[in-house]
1. Can you list residues whose amide H is under 5 Å from Arg116's amide H, if they're 5+ apart or on another chain and H is modeled 1.01 Å from N?
2. Given bins 5 angstrom wide, list per bin the percent of all Cα-Cα distances in the stretch 119-205, short to long.
3. So for the stretch 111-161, Kirkwood radius off the Cα pairs, Stokes-Einstein at 10 °C and 1.306 mPa s: how many µm² s⁻¹?
4. Kindly flag which residue pairs out of Lys16/Lys220; Lys171/Lys243; Lys16/Lys139; Lys111/Lys171; Lys111/Lys216 have an alpha-carbon separation exceeding 24 Å in this structure.
5. Given a 1.4 Å probe and heavy atoms of the protein chains only, how would you sort Trp245, Trp43, largest accessible area at the top?
6. What do you reckon, how do Arg116, Arg229 stack up by accessible area (1.4 Å probe), largest on top?
7. Would you mind checking which residues have amide H under 5 Å from Ser170's amide H? H placed 1.01 Å from N; only 5 or more apart, or other chain.
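The values are calculated or read from the model by the stated rules, or taken from the named source; none is laboratory data. Everything numeric here is computed off the predicted structure, so don't read it as measured data. Heavy atoms of the whole protein, side chains included, go into the accessibility calculation; ligands, DNA and RNA do not. Shrake-Rupley method; radii C 1.70, N 1.55, O 1.52, S 1.80 Å.
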Amino acid sequence: MYFLWGPFLSRVRTAKQTLYFNWMAQLLPRQTSMFGGRGLFQWLEFTKLVGITIQGDGTIDGSGSMWWQETPFEDPVDNESEFIIPLNKTVQQHPPMPIRSELNGKMPSIKPTALRFYGSFNVTVTGITIQNSPQCHLKFDNCIGVVVHDMKTSSPGDSPNTDGIHLQNSKDVLIHSTDLACGDDCISIQTGCSNVYIHNVNCGPGHGISIGGLGKENTKACVSNITVRDVVLHGTMTGVRIKTWQVFFISAISIYSNFAKHNQQSS
């Protein structure tokens, strides 16, 4: 059963509320031409909530190919070529783009994240699948007490800038038992994050698990107490890495252990 949906924002403070996605439900965005080129930062957003749970076995489908073909592969904020030097020639300079959208007209330049939480406490996401997001699949900004488990993200390996899970200015985060396939970082940990524990994650295709990029334009960046363990990486561009623009007031404490790597593109 398919449901067409437009941008959704929840700003109502609630306590211990649960939103269920049934296995028969698949959310698809309406044709983006209706937005008249304004662009959107996210499709679904939950802001300043307490005790919110998203669960079920339904699917959020961002129909991202409509944006991917309009966007150059290089992310101006997080250009991978700035951070790595491939040890072989498996990383293409200009990878092939996904199949072009059949919609007429140019898509908005701002690509929306499929599901975002902002300024929320005690957030749980479990069971659902998020696929083909125009940009990040699942994002947490300024959140405390995040648990993500037994869920999936799924996008082609050549879909640009489609992080699986993106963390920024968030702390006390637990991510486990997830399958993350995307065209960018499976998990991206940005400045302001602390007490992040990641284990039993399947990552790939994608760029691996990344801390950063940190310190762009001489900005201060702090990341602390990050643990990543028991991760399977398959078809990823890198493994686990710290990306910095320069070493300038950056504190990162990370523990990596027990990785299985399969068909990794570069070391």
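1. Amide H to amide H, under 5 Å and 5 or more residues apart or across chains, Arg116 pairs with Leu44, Glu45, Phe46, Lys139.
2. 4, 16, 29, 25, 19, 6, 1
3. 136 µm²/s
4. Beyond 24 Å between Cα atoms: Lys16/Lys220; Lys111/Lys171.
5. Listed by decreasing accessible area, they come as Trp245, Trp43.
6. Arg229, Arg116
7. Asn142, Cys143, Cys193, Ser194
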